[in-house]
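K.L.:
One structure coming up, written as structure tokens, with questions to follow.
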Amino acid sequence: MTPNETLNPNDPEFFDLLVGSFRRLVGKRLVERERGPEWLYGDAPFMITAQRNNPEPAFIYANAAAQRLFGYTWSEFTRLTAQSLSGFAAQEEGRALLDALTRDGYMANYRGQQVTRSGSRFRMEDGIVWQLRDRFGHYHGQAAMFSRWTDA
């Protein structure tokens with residue numbers, strides 16, 4: 001995927017990368033077998049975002065739950081950088097995340113403060129952040145899944 005290429009939110013190849021890398025690294029299923037990209041994008045009760053691998057990580061995916069939570073549409077979300085949504089995350093949290101991603105390919109029980117489009121803050125909890133690696137081990141970026149959040 002080129003830096004300016006727009007991803008179709010129901011793209012089956014991206015869905016395979018997302019759920020396949022989660023299964024390989026985390027050792028669990030992200031979605032049930034009968035569920036596909038349309039369910040993950042439109043109906044999943046948890047938030048999923050993904051960003052590409054480049055010097056300034058930019059979002060390439062945000063399911064409907066993430067869009068509702070952050071207050072951005074698909075086209076707006078996929079123009080944002082990861083830094084534009086982060087709150088005042090502690091440096092220790094960021095260091096621990098990078099260490100876990102480098103060492104294990106994922107980090108479970110991740111939490112972090114985020115900012116919505118309107119400027120309100122919330123805290124995401126019990127998240128999993130993982131590397132997007134294809135079946136050959138090539139790195140494509142990273143993704144995050146959160147099922148719990150509270151007002152900050």
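Derivation of every value follows stated rules applied to the coordinates shown; laboratory data play no part. Note that the coordinates shown come from a computational prediction; the quantities given were computed from them, not determined experimentally. Cβ: placed from backbone, ideal geometry, glycine included. Neighbour counts: every protein chain shown.
K.L.:
Based on the Cβ-Cβ distance from LEU98 to TYR139, what FRET efficiency comes out when R0 is 22 Å, to the nearest 0.05?
P.N.:
Numbers: r = 14 Å, r/R0 = 0.62.
Efficiency, from the Cβ-Cβ distance: 0.95.
K.L.:
Can you tell me the length gained on complete extension of the stretch ARG148 to ARG123, counting 0.36 nm per residue apart and subtracting the Cα distance?
P.N.:
Numbers: separation 25, 0.36 × 25 = 9.00 nm, distance 0.85 nm.
Full extension from ARG148 to ARG123 adds 8.1 nm.
K.L.:
Now a separate question. Quick one: compute the contact order of the chain, relative version, from alpha carbon pairs under 8 angstrom and 6+ residues apart, as a percent. Walk me through the numbers on the way to the answer.
P.N.:
Working: 278 pairs, mean separation 35.7, N = 152.
Relative contact order, the chain: 23 percent.
K.L.:
Scan around LEU30 for amide H atoms under 5 Å from its own, H built in the peptide plane at 1.01 Å from N, and keep only partners 5 or more places away or cross-chain.
P.N.:
Hits under the 5 Å cutoff: ARG23.
K.L.:
Short version: ³J(HN,Hα) in whole Hz for each residue of the range 112-119, in order, from phi by Karplus 6.51 cos²θ - 1.76 cosθ + 1.60 (θ = phi - 60°), x for Gly and Pro, what are they?
P.N.:
x, 8, 10, 10, 7, 4, 6, x
K.L.:
With a point put 7 Å past each Cα toward its Cβ, work out how far ALA82 is from ARG24 in nm, to one decimal.
P.N.:
1.9 nm
K.L.:
Which order do peptides 125-135, 66-76, 98-108 fall in by mean Cβ count within 10 Å, highest first?
P.N.:
Working: 125-135: 18.2, 66-76: 16.3, 98-108: 14.7.
Ranked from most to least packed, the peptides come out as 125-135, 66-76, 98-108.
K.L.:
Moving to a separate point now. Please report THR116, THR78 as a ranked list, fewest other C-beta atoms within 10 angstrom at the top and most at the bottom. Let's see the in-between values first.
P.N.:
On the way: THR116 13, THR78 20.
Lowest to highest Cβ neighbour count: THR116, THR78.
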